[in-house]
């Protein structure tokens, strides 16, 4: 009779977070404390500025995108679905980043989690659109920075 392995009570997402924390937070070379503190202190402000600056173009893209969505399928079903997925990933990523702002200012784990989820959405978007260089480079840099400062969020 085969031996059963005990199932972990944690979700796959928390297991992913634990594994990434092991490699990017503990085994990777640590950033200097001053750099970590600077990232933690300035990240909310940078996020606010980037969302504020990108909001008008994104709203224009979403507005024009909703008008142009039926026409995107004229280039083929694949082009239409790719266009629609791009809009969905963009909106989801921006909403997650906006939700992260209050938590980033308060230095709560919930704020850090929203940034983590936004990073996962961006990585998934790169994977779906076959942008492997963006996936690897952006994912590595994002995860490294995120998990280096994770201990500052309680």
Looking only at residues in region 126-152 that are without any contact (Cβ under 8 Å) to a residue 40 or more places away in the chain and outside any helix (DSSP H, G or I), which one is nearest to residue 37 (Cα to Cα)?
131
Being part of a helix (DSSP H, G or I), loosely packed, with under 15 Cβ neighbours inside 10 Å and touching a helix residue (DSSP H, G or I) at 6+ places or on another chain (Cβ under 7 Å) narrows it down to one residue among 84, 50; which is it?
84
Condition first: over 19 Å from the mean Cα position of the chain (by Cα) and closer than 19 Å to residue 41 by Cβ. Can you find one or more residues in region 103-110 that meet it?
yes
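So is residue 123 in contact with a helix residue (DSSP H, G or I) (Cβ under 9 Å, 6 or more places away or on another chain), under 18 Å from residue 13 (Cβ atoms) and in a helix (DSSP H, G or I) or not?
Values: in contact with a helix residue (DSSP H, G or I) (Cβ under 9 Å, 6 or more places away or on another chain): yes; under 18 Å from residue 13 (Cβ atoms): yes; in a helix (DSSP H, G or I): yes.
Yes, satisfied.
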Going through region 29-40 one residue at a time, which ones are surrounded by 13 or more Cβ atoms within 10 Å (Cβ to Cβ) and either within 14 Å of residue 144 (Cα to Cα) or in contact with a strand residue (DSSP E or B) (Cβ under 7 Å, 6 or more places away or on another chain) (or both)?
31, 35, 36, 39, 40
Picking from 147, 116, the residue that is surrounded by 18 or more Cβ atoms within 10 Å (Cβ to Cβ), within 10 Å of the chain's Cα centre (by Cα) and modelled with pLDDT of 95 or more would be 116
Number of the condition not met by residue 43 [criteria: (1) modelled with pLDDT of 95 or more; (2) surrounded by 13 or more Cβ atoms within 10 Å (Cβ to Cβ); (3) under 18 Å from the mean Cα position of the chain (by Cα)]
(1)
Hey, does region 108-119 have a residue that's more than 21 Å from residue 14 (Cα to Cα) and touching a residue at least 60 places away in the same chain (Cβ under 8 Å)?
no
Examine region 93-102 for a residue that is more than 23 Å from residue 16 (Cα to Cα), assigned to a helix (DSSP H, G or I) and free of Cβ contacts under 8 Å to residues at least 24 places away in the same chain, and state whether such a residue exists.
yes
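The values are calculated or read from the model by the stated rules, or taken from the named source; none is laboratory data. Not measured: the values here are computed from a predicted model. So basically every Cβ, Gly included, is an ideal-geometry build from the backbone, and we count neighbours across all protein chains shown.
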